[in-house]
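Structure, as structure tokens:
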Amino acid sequence: MLREHGEVQVRAGTEADLPALTDLYNHYIRETCITFDTEPFTPEQRRPWLLSHPQDGPHRLLVAQEATERTKDPHSGPTDALLGYATSSAFRPKAAYAPSVEVTVYCAPHAAGRGVGTLLYQALFEALAGEDVHRAYAGITQPNEASARLHTRFGFRHIGTYTEVGRKFGRYWDVAWYQKDLG
């Protein structure tokens with residue numbers, strides 16, 4: 001899958017992206033409450049996560065990167081200019097949850113506010129349109145107005161909040177849950 005918008009290219013993530021994906025996620029572990037992971041990962045520790053997102057099916061990983069002359073060739077591979085990524089993952093491990101996915105989007109700090117999250121979600125939901133997926137869910141650590149706006153723009157609605165469900169940086173955090181009907 002390859003999709004370009006101006007100077008941003010959205011494509012399926014590959015194993016070659018693993019170091020950049022790990023670096024981006026580790027930023028959010030170290031600096032924010034957005035993820036409840038508390039210890040940074042090595043690329044090798046993140047490999048099972050990456051491999052759980054094939055290029056087709058309901059569980060996907062899409063990356064956004066700067067579109068340069070090199071990246072316009074779909075066979076050229078990734079560059080260090082990763083702007084963000086979006087995933088659809090298993091919502092819960094039990095079989096009856098299979099038609100539900102949990103979605104997330106992470107943008108590089110320098111890419112925030114540039115529409116990268118919107119491009120990633122557009123491509124992700126287009127890819128999921130042909131899959132046997134009934135609902136998408138997103139958990140948003142509070143406060144996070146930008147994420148709430150993004151999800152609302154994509155048709156998610158707030159369905160409830162888990163209060164003080166996670167502890168990080170010496171305090172408790174709420175997580176608001178959003179739902180989008182699919183298929």
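Please identify the pairs in which a residue from region 1-14 that is closer than 23 Å to Trp49 by Cβ has its Cβ atom under 8 Å from the Cβ atom of a residue that is modelled with pLDDT of 60 or more and of a type in the set (Ser, Thr, Tyr), counting only partners at least 6 apart or on another chain.
These pairs meet every condition: Gly13/Tyr85.
Give me the residue from region 164-183 that is small (Gly, Ala, Ser), surrounded by fewer than 17 Cβ atoms within 10 Å (Cβ to Cβ) and at pLDDT 95 or above and, out of that set, nearest to Asp37 (Cα to Cα).
Among those that are small (Gly, Ala, Ser), surrounded by fewer than 17 Cβ atoms within 10 Å (Cβ to Cβ) and at pLDDT 95 or above, it is Gly166.
Can you report the number of residues in region 1-33 which are assigned to a loop (DSSP other than H, G, I, E, B) and at pLDDT below 95?
Matching residues across region 1-33 total 3.
Looking at this structure, is Glu44 more than 14 Å from the chain's Cα centre (by Cα), in a helix (DSSP H, G or I), at pLDDT 95 or above and not polar (S, T, N, Q)?
Yes, satisfied.
If a residue must be assigned to a loop (DSSP other than H, G, I, E, B), under 25 Å from Ile29 (Cα atoms) and not small (Gly, Ala, Ser), how many such residues does region 90-125 contain?
Residues flagged as assigned to a loop (DSSP other than H, G, I, E, B), under 25 Å from Ile29 (Cα atoms) and not small (Gly, Ala, Ser) within region 90-125 amount to 4.
Within region 126-148, count every residue that is under 22 Å from Leu24 (Cα atoms) and either of a type in the set (A, V, I, L, M) or in a helix (DSSP H, G or I) (or both).
6
May I ask you to list the residues in region 148-183 that are among the small types (Gly, Ala, Ser) and without any contact (Cβ under 8 Å) to a residue 40 or more places away in the chain?
Those that are among the small types (Gly, Ala, Ser) and without any contact (Cβ under 8 Å) to a residue 40 or more places away in the chain: Ala148, Gly155, Gly160, Gly170, Ala176.
The values are calculated or read from the model by the stated rules, or taken from the named source; none is laboratory data. As the structure is a computational prediction, the values presented were derived from the model and not from experiment. Please note: Cβ atoms are built from the backbone with ideal geometry, for glycine as well, and neighbour counts cover all protein chains shown.
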